[in-house]
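Remarks on the structure that follows.
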Amino acid sequence: MEINQKSQEEIEEISDDFVTQTAYKNFGIKYLYPWQRLVVANILEAYEYHKNIADYEDIGEADDSFCKGRQIVLLPTGAGKSLCFQIPALLLDGPSLIIYPLLALMSDQQRRMEEGSLRSVTFRGGQTDEEREENFRKIREGAQIILANPEVLQSETLLKQLKEVGIKHIAIDEAHCVSEWGDSFRPAYLGLGNVIKVINPPVITAFTATASPEVLSRVAEILFDGNAHIVRSESDRKNILYYVRYAAAKKKEALLLARTEQRPMIIFCGTRNKAEDMSRDLNVCFGRGTAKFYHAGLEKSEKDEIEKWFYDSTDGVLCATCAYGMGVDKKNIKTVVHLEASATAEAYIQEAGRGGRDGSIAKAILLWSLEDSLNYSVYKAGSREAALRDFAETTDCRRQVLLDALGAEQAVCSGCDLCDARKKESETGKTVKPAPSDWQLAYNIIKRSRNYYSEDDIEAELYETMNARTRRILGLNIWTHKDTVDVVRQLKDSGLVELDNFLWRGRLRIRKNNKHSKKNNKKKS
């Protein structure tokens with residue numbers, strides 16, 4: 001039976017609540033989460049409030065319903081925020097304007113709406129006058145959703161036309177982009193406040209999955225002149241387990257994870273070239289067709305093909321830049337690996353949240369190197385940028401570090417490598433030690449054989465040691481001389497080891513008074 005063909009008896013059996021009935025009739029959803037119901041109720045209540053007064057332009061802040069009409073909603077990735085504006089769109093007596101950050105996301109959402117019972121139109125750059133007029137004809141005939149991006153809304157002509165169609169609700173999806181991008185490479189986001197003022201709808205809702213107090217404040221300032229009602233659900237995605245793996249040669253570590261961790265898997269890469277290289281190496285190791293790459297440099301047809309491949313895949317690996325981050329609706333991703341750390345905790349949580357959208361357990365694994373530690377050390381302690389180093393190098397709970405960065409609640413950890421190890425130690429009475437990283441192996445070799453190894457010697461031994469490890473797991477030698485050179489370079493750059501320039505000239509030795517040796521001494525004492 002089609003979703004929009006439910007019998008009246010079936011609908012009434014679900015609930016006497018017309019919101020739940022609307023969700024079931026149009027989307028086949030029998031249950032709304034409490035936070036979804038709250039957000040929808042706020043939208044409808046605020047709209048009714050405005051509808052019942054003669055002039056809502058000068059009402060100020062006296063009534064709570066007015067504040068609820070200007071709300072910022074924080075719902076974790078996968079919590080179903082789209083329903084929070086799609087259900088009201090079916091119930092309001094005028095169209096809703098939904099603002100998305102990406103054209104691909106707009107296209108995907110329009111396709112999904114058309115599969116249900118929502119009629120929608122899209123405004124984007126490059127459209128002809130005829131295409132625009134066709135859109136307005138559909139709106140006059142009852143289209144409930146208007147999709148647009150910030151850039152197209154900078155047109156005064158289009159804004160004036162949209163004002164005249166009687167928009168009842170503006171929803172800004174991925175609202176953290178207002179702060180993250182508006183002050184840098186997408187200034188159109190800073191103009192959304194003016195868009196809201198011109199159209200002047202009864203209700204505006206900004207949605208995001210992740211936002212620190214600083215980002216929330218900036219979003220409220222740009223969109224609502226600093227006055228917004230905050231609706232925050234529990235920020236913690238309990239089904240995501242947070243892990244950090246230390247590695248200097250990260251691509252090699254990612255290849256091992258592709259063998260040992262569950263798929264489907266996403267490997268987020270910092271650049272387009274790294275995404276392509278990672279995909280190529282995976283296909284060499286595991287067979288052609290194992291992996292594909294995705295980034296902003298692809299043609300739309302290529303993106304569509306790769307999105308479909310990954311959506312249908314049960315064991316594929318997608319190597320992607322952050323271009324694949326928003327709006328991904330593949331629900332069964334089991335592992336999300338970050339080759340490079342995200343810029344902020346919000347971005348990391350957003351990308352890690354691609355996993356486990358079906359509610360199943362998923363792992364988020366950050367690869368962290370000595371070079372990362374050095375690069376992130378320039379950020380001020382407590383800053384948004386420093387949060388990822390705190391996350392990677394904490395000895396407490398990784399989950400709580402992320403929640404603290406968002407200004408969110410204290411939580412009992414449902415899974416991170418550190419808390420899991422402590423729990424196992426408590427149960428067994430035995431110390432749990434993770435497998436040493438590539439740079440830790442090199443460091444230990446140098447420490448055991450003080451003043452014996454030259455750089456060439458340690459690189460040669462590390463080459464044999466690491467390839468012996470990968471042969472056990474992959475059946476292949478994947479380490480190269482270049483990889484071992486990079487490991488030793490990071491050890492030297494970090495100050496953990498140094499070349500002797502006196503009695504044992506040209507030999508590697510542990511540098512005195514380095515952070516690593518201090519930690520070891522504390523443990524011994």
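I need the calculated FRET efficiency for the pair His481 and Tyr31, taking r as the beta carbon distance and R₀ as 60 Å, to the nearest 0.05.
The computed FRET efficiency comes out at 0.55.
Per 0.36 nm of contour for each residue apart, how much would the distance between Lys238 and Glu133 grow if the chain were fully extended, relative to their Cα-Cα spacing?
My answer for the length gained is 33.1 nm.
Just to be sure I follow: if Rg is taken over the C-alpha atoms of segment 302-395 and Rh is the Kirkwood radius over the same atoms, what is Rg/Rh?
Expressed as Rg/Rh, it is 1.02.
Return the tail of the calculated pair distribution for segment 69-135, meaning the percent of Cα-Cα pairs more than 14 Å apart.
That fraction is 68 percent.
Going toward the positive end of the dipole of the chain, with +1 on Lys and Arg Cβ and -1 on Asp and Glu Cβ, which of Pro202, Ser301, Leu370 do you reach last?
Final value for the positive-end residue is Leu370.
So what is the 222 nm mean residue ellipticity for the chain from helices alone, if each DSSP H run of at least 4 adds -39500 (n - 2.57) and you divide by all residues, rounding to the nearest 500 deg cm²/dmol?
The per-residue figure over the chain is -14000 deg cm²/dmol.
Report the full-extension gain for the segment Thr465 to Thr394: residue separation times 0.36 nm, less the Cα-Cα distance, to one decimal in nm.
Once the chain is fully extended between Thr465 and Thr394, it gains 22.7 nm.
For the chain, restrict the atom set to alpha-carbon positions and state the Rg and Dmax in Å.
26.5, 91
Work from the charge dipole of the chain (Cβ charges, +1 for Lys and Arg, -1 for Asp and Glu, about the Cα centre) and give the residue of Ala143, Tyr379, Ile445 farthest towards its positive end.
Ile445
If exposed means no more than 11 neighbouring beta carbons inside 10 Å and the site is in a DSSP loop, what's the longest run of the chain without any exposed GluC sites (Glu not before Pro)?
300-525
For segment 276-435, what are Rg and Dmax over the alpha carbons, in angstrom?
For segment 276-435, the Cα radius of gyration and maximum Cα-Cα distance read 17.5, 56 Å.
Using 0.36 nm times the number of residues separating Asn444 and Val412, minus their current alpha carbon distance, what extension gain do you get?
Length difference between fully extended and current span is 8.0 nm.
Over the residues of segment 236-299, compute the C-alpha Rg and express it relative to 2.2 N^0.38 Å.
So segment 236-299 has a normalised radius of gyration of 1.21.
Stokes-Einstein D for segment 179-231 at 10 °C, 1.306 mPa s, Kirkwood Rh over Cα pairs, in µm²/s?
Rounded, D is 137 µm²/s.
Summarise the long-distance tail of P(r) for segment 363-498 by giving the % of C-alpha pairs beyond 25 Å.
That fraction is 44 percent.
Per residue Cα convex hull volume for segment 150-273, in cubic angstrom?
178
Leu190 accessible area, nearest 10 Å², 1.4 Å probe?
Surface accessible to solvent at Leu190 totals approximately 70 Å².
Which of the helices in the chain meet the span-like rule: DSSP H, Cα axial reach of 20 Å or more, Kyte-Doolittle mean at least -1.0?
34-51, 272-286, 455-474
If we count trypsin sites (Lys or Arg not before Pro) as exposed when they sit in a DSSP loop and have at most 13 other beta carbons within 10 Å, what is the longest stretch of the chain that avoids them all?
Here the longest segment lacking exposed loop sites spans 31-287.
For segment 278-335, just say rounded, prolate or oblate: build the C-alpha gyration tensor, square-root its eigenvalues into a ≥ b ≥ c, call rounded for a/c under 1.5, and beyond that prolate if a/b exceeds b/c, oblate if not.
Here segment 278-335 falls in the oblate category.
List the chymotrypsin sites (Phe, Trp or Tyr not before Pro) within segment 370-430 that fall in a DSSP loop (any state other than H, G, I, E or B) and whose Cβ has at most 15 other Cβ atoms within 10 Å.
Here the sparse-neighbourhood loop sites are Tyr379.
Once you wrap a convex hull around the alpha carbon atoms of segment 207-326, what is its projected area averaged over all directions, in nm²?
For segment 207-326, averaging the hull's shadow over all directions gives 10.0 nm².
Charges at C-beta only: +1 for Lys and Arg, -1 for Asp and Glu. How large is the resulting dipole of the chain about its Cα centre, in Debye rounded to 20?
3160
The values are calculated or read from the model by the stated rules, or taken from the named source; none is laboratory data. What you see is a predicted model; the values in this text were computed from it and never measured. As a convention, Cβ positions derive from the backbone with ideal geometry for all residues, glycine included, and neighbour counts pool all protein chains shown. SASA here: full protein model, heavy atoms, side chains in, ligands and nucleic acids out. Shrake-Rupley method; radii C 1.70, N 1.55, O 1.52, S 1.80 Å.
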